[in-house]
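Notes to accompany the following structure.
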Amino acid sequence: MGFVLRRDDIVHVDDFHQELGDDPRKAARLIVEAARQGELEAQALLGQILLDGQGIERDPALAATWFGIAAQRGHSMSRNMLGRCLEHGWGVPVNLAAAAEQYALAAADDLDWALYNLANLLATGRGAPKDPAHALALYMRAADLGHAKSMNLVGRHFEEGLCVSRDLDQAREWYRRSAEAGDFRGQFSHAAMLAEAGELEAALDWLRRALEGGNLKFLRVARGQLEQARQAPLRQMALEYYRRAADLGDANDIEILAKALKRLVFSSIE
């Protein structure tokens, strides 16, 4: 962190995050000024607001440029975000090998998100040779650092016996930790374990939390899984997932909801 001189004032970079919520346009102007002055944290933050279009016109290509500037100066999160740009083609051509290199540099600094992102590439063999064991080690390190999504994936490894001996107690513990740390996939996984143990009320509570925070991709998968559940209360919860996906999705999601309503309502009558 650092301080930026501006006229007769001293502005702490941490304050930018508060100003982004209060007055995004004013904060963006201050961030641009500080980034041009060479303030490292401001350069990283400028990349983020350009990527998000927060208080400033969205410009993924310029965002990648500023991430690159800060990354060259050793900023770990900027290296991670440059990796994201390279992985997903945000403002730059997709280059998975280069993305893996950026993630690896940031992971060497023990940045949890970089550990997670690098693990994802290694787990699938994208941008680097497939190495499930190394991927698991990275997920576990990120999980130990408190990374909620990595906790869920560590749980999955133990549940399915991937690169480790199958251990349902370990799986349950990691899913619980992921759920409590706020990951919606972890909440769904934790709910599934609770339902299997007969704790339906607790399971439904976690499913509601996952529903509230889950993105469209997750909802589209989860709705079908819930509809196939053995317990009737879980199948009824599937309707809420279909409805939420229809709210967030497209005409196809609305059509799928209509069909699900017929199936689930009629099955409850029977």
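The values are calculated or read from the model by the stated rules, or taken from the named source; none is laboratory data. Everything numeric in this text was worked out from a predicted model, so none of it was measured. Every residue, glycine among them, receives a Cβ derived from its backbone with ideal geometry; neighbour counts consider all protein chains shown.
Overview of values
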quantity: Residue 97 being more than 16 Å from the chain's Cα centre (by Cα), over 19 Å from residue 226 (Cα atoms) and at pLDDT 95 or above; calculated: yes
quantity: Residue ID - nearest to residue 123 (Cα to Cα), chosen from residues in segment 157-183 that are surrounded by 18 or more Cβ atoms within 10 Å (Cβ to Cβ) and touching a Leu at 6+ places or on another chain (Cβ under 8 Å); calculated: 157
quantity: Filter result for residue 191 (small (Gly, Ala, Ser), under 24 Å from residue 136 (Cα atoms) and buried (at least 16 other Cβ atoms within 10 Å of the Cβ)); calculated: yes
quantity: Residue list for segment 238-258, restricted to those being over 23 Å from the mean Cα position of the chain (by Cα), more than 17 Å from residue 207 (Cβ to Cβ) and either surrounded by 19 or more Cβ atoms within 10 Å (Cβ to Cβ) or not β-branched (Val, Ile, Thr) (or both); calculated: 251, 252, 255, 257, 258
quantity: Matching residues in segment 196-220 - criterion: being part of a helix (DSSP H, G or I), more than 16 Å from the chain's Cα centre (by Cα) and of a type outside the set (Lys, Arg); calculated: 196, 200, 201, 202, 203, 204, 205, 206, 207
quantity: Residue pairs meeting the criteria (Cβ under 6 Å; at least 6 apart or on separate chains; first more than 13 Å from residue 31 (Cβ to Cβ), in segment 45-74; second aromatic (Phe, Trp, Tyr)); calculated: 60/90
quantity: Residue, farthest from the chain's Cα centre (by Cα), within segment 161-171, restricted to residues that are under 18 Å from residue 141 (Cα atoms) and not in a loop (DSSP other than H, G, I, E, B); calculated: 170
quantity: Evaluation of residue 227 against (1) in contact (Cβ under 8 Å) with a residue 12 or more places away in the chain; (2) loosely packed, with under 13 Cβ neighbours inside 10 Å; (3) of a type in the set (Asp, Glu) (one fails), failing number; calculated: (2)
quantity: Tally of residues being part of a helix (DSSP H, G or I) and of a type in the set (D, E, K, R) across segment 81-110; calculated: 3
quantity: Matching option when the condition is surrounded by fewer than 17 Cβ atoms within 10 Å (Cβ to Cβ), among the aliphatic types (A, V, I, L, M) and farther than 21 Å from residue 63 by Cβ, among 143, 123, 119, 133; calculated: 133
quantity: Number of the exception - residue 158 against (1) free of Cβ contacts under 8 Å to residues at least 24 places away in the same chain; (2) in a loop (DSSP other than H, G, I, E, B); (3) of a type in the set (A, V, I, L, M, F, W, C); calculated: (2)
quantity: Matching option when the condition is at pLDDT 95 or above and out of contact with any His (no Cβ under 9 Å at 6 or more places or on another chain), among 8, 59; calculated: 59
quantity: So residue 113, is it buried (at least 19 other Cβ atoms within 10 Å of the Cβ), in contact with a Gly (Cβ under 6 Å, 6 or more places away or on another chain) and in a helix (DSSP H, G or I); calculated: no
